[in-house]
Amino acid sequence: MAAEDEVFVGSIDQGTTSSRFLIFDKAGEPVAVHQEEFSQIYPNPGCHEHDPEEIVRSVENCIEGALKIFEKAGHSKESIKAIGITNQRETTVCWDIKTGKALYNAIVWTDTRTAALARELKARPGADKVLDICGLPISTYPSVTKLLWMIKNVDAVKQAFEAGNLAFGTIDAWLVYKLNGGTENNVFVSDCTNSSRTMFMDIRTLKYSEEMLDLFSYEFDLRKVHMPEIVRSADSKAFGKMASGSLKGWPITGVLGDQSAALVGQKGYEPGSAKNTYGTGCFLLYNVGEKPVISKHGLLATIAFHFDDKPVYALEGSIAVAGSGVKFLMSNLGFSEKSHKITELAGTVKDNGGLVFVTAFSGLFAPYWIDDAHGTMFGITHHTERGHIARATLEAVCFQTKAILDAMELDSGHKLAQLNVDGGMSNSALCMQTQADLVRIPVIRPKMSETTALGAAIAAGFATGVWKSFDELKEVNTKGQTVFEPQMDEASSKKMFGRWGRAVKMSKGWLAEEGEEAE
């Protein structure tokens, strides 16, 4: 039976393709987990949507499923002290503040339907100030263009806007709102790591920016939209309590956007530490301390976490396609039914055979920010086989990570000593060895890969006193790590990266309107 002094923290991990609930012990080890995939909706090319209500149901199912495993192992749910949430960022939900009902599918962060709108916004007076105020460049990626598109194109959203009933939020705000019972308790908040991805928040004050609201209100007065209160990432009261289910009454005390959560879970608490998460997309965060660094080399300034009096900032490089590239090979091209088989297929050839695959299914994110790029293969010959395509798909992620690290070095003035990695693709030894060969520093993979969910648990635990300082977490998840050292000679590494750079330049312009030319 469970000891009376056992302490656990629950963690909701709401990702792009699935939801999960994990229960961690005080040593940071997961003792129970339940996962459920949900529908991926692609109504048109470039469009990616989720059903917001289905997301909530999947989270609730995961909580019940993990709890059964937890209690079957002899633990008591009373030993779970708090619940944290980590979530896909930028994905945008609109709902009616009076009814609590979603008005349209959530538009996912990968969606590119707003490319023309983003170009229009870039040309507006004041657009040159955006990066300095909110840390993000105007693109299809942040939430703002998704919200504007829905107000303009979805009748139910437009009607709610005109009636003054339109609520907007990222997935964290939607989940917190619904898990608290929706209109019953009306807990309507968003943590600053998520709010920093909307383009509405001033990255220095952590409040809604009047300048940003002015800039984006040229057609619709966005001050009419109900937006969540911006709060810290760890707070014992702000996120409310579970309103139903087996954990009814349990406090939600920590919320972090998924990439910030992964940095926390990788113990990136000090300036100069970094992590790269290889999930659906790929995201590299570099802790820059208590002052934001506005990038001059195509990176984003974002909030790493905010646990006490001062927020901690990060530079971020975002890659739209990582694991989703592997899924493309499986689902669209029929390469395999299992993701690990793609790595095995890539290992059947000694190199990429001269093939480069620019996996720009959603344009190219950092450090390029090319909205009109499309997925493009270069170097196909009679020699090309499926193994080369599989290998080039893995390498595309590694090339983009290398480009981001180069930009981070220029922005920060420091070279990383090592790169901590996590996420599904990090399980591929071939991919991680390729990464080490390209970035020319050790790549370190922890044995326990659930670092994103662990980060949310840490945020919740800090708010409730489960952990009181970062020093208590020093030994968490350090045993059994794998280190990938560079093995390729530097000249070969540079040659590979140079070929990638040429391919990126040639992938531009595929989404340009007829008569337009890529810059």
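Below is a table of values for the structure above.
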read-out	value
Surrounding net charge for GLU90, when Lys and Arg each add one and Asp and Glu each subtract one, Cβ distance under 10 Å	+2
Loop trypsin sites (Lys or Arg not before Pro), segment 82-169, which have at most 14 other Cβ atoms in a 10 Å radius of their Cβ (DSSP)	LYS98, LYS101
42 Å tail of the calculated P(r), the chain, as % of Cα pairs	14
Segment LYS310-GLU472, length gained on full extension (0.36 nm per residue, minus Cα span)	56.3 nm
Over segment 1-121: Rg over Rh, Cα atoms, Kirkwood Rh	1.11
Protein accessible area in segment 239-290, 1.4 Å probe - carbon and sulfur %	50
For segment 392-478, the Rg and Dmax computed from alpha carbons only, in angstrom	15.5, 46
Accessible area of segment 369-419 belonging to carbon and sulfur atoms, whole % at 1.4 Å probe	54
Segment 327-409 pair-distance distribution - Cα-Cα, 5 Å bins, rounded %	3, 14, 22, 23, 19, 12, 5, 1
Of all DSSP beta bridges in segment 8-255, antiparallel share, percent nearest 5	65
Accessible area expressed per residue, the chain, with surrounding protein chains retained (probe 1.4 Å, Å²)	40
Net charge dipole size for the chain [Lys, Arg +1 and Asp, Glu -1 on Cβ; Debye, nearest 20]	540
Cut-off 10 Å between beta-carbons: net charge of the residues surrounding VAL108, Lys and Arg +1, Asp and Glu -1	-2
Mean separation of Cα contacts under 8 Å (6+ apart) over length of segment 8-255, as relative contact order %	18
For segment 290-306, 3J(HN,Hα) per residue [Karplus equation, 6.51 cos²θ - 1.76 cosθ + 1.60, θ = phi - 60°, Hz, x = Gly/Pro]	8, 10, x, 10, 8, 5, 9, 10, x, 9, 9, 9, 8, 8, 6, 5, 9
Shape of segment 263-349, Cα gyration tensor, a/c cut at 1.5	prolate
Dipole in debye (nearest 20) - segment 8-255, about Cα centre, beta carbon charges: Lys, Arg +1; Asp, Glu -1	260
List LYS508, LYS241, ordered by accessible area with a 1.4 Å probe, largest first	LYS241, LYS508
Modelled FRET efficiency - R0 30 Å, LYS248 with ILE41, Cβ distances, 0.05 increments	0.45
Accessible-area ranking of HIS374, HIS382, HIS306, largest first, probe 1.4 Å	HIS382, HIS374, HIS306
Net length gained if the chain between LYS129 and LYS237 were fully extended (0.36 nm per residue, minus Cα distance)	35.4 nm
Kirkwood Rh, angstrom, segment 162-281 [1 / mean 1/r, Cα pairs]	15.9
Qualifying GluC sites (Glu not before Pro) for segment 255-363 [loop in DSSP, other Cβ within 10 Å: at most 14]	GLU290, GLU337
Over segment 8-255: Kirkwood hydrodynamic radius from C-alpha pairwise inverse distances, Å	18.6
DSSP beta bridge pairing in the chain, given as percent antiparallel to the nearest 5	70
Cα extents of segment 320-369 along the three principal axes, largest first (Å)	33, 24, 15
Stretchable slack from LYS338 to GLU78, in nm (0.36 nm times residue separation minus alpha-carbon distance)	89.8 nm
Using a Förster distance of 35 Å, the FRET efficiency for HIS383-GLU485 (Cβ separation, nearest 0.05)	0.70
Label point at ASP214 placed 7 Å out along Cα→Cβ; residues across segment 106-138 whose backbone nitrogen lies under 14 Å	125-130, 133
Listed residues PHE168, THR253, THR205: farthest to the positive end of the dipole of segment 99-258 (Cβ charges)	THR253
Computed helical MRE - 222 nm, the chain, DSSP H runs ≥ 4 contributing -39500 (n - 2.57), nearest 500	-10000 deg cm²/dmol
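The values are calculated or read from the model by the stated rules, or taken from the named source; none is laboratory data. Everything quoted here is computed from the prediction, not taken from an experiment. No Cβ is skipped: glycine too gets one built from the backbone with ideal geometry, and neighbour counts run over all protein chains shown. Quick note on the areas: whole protein, heavy atoms, side chains included, nothing else; ligands and nucleic acids left out. Shrake-Rupley method; radii C 1.70, N 1.55, O 1.52, S 1.80 Å.
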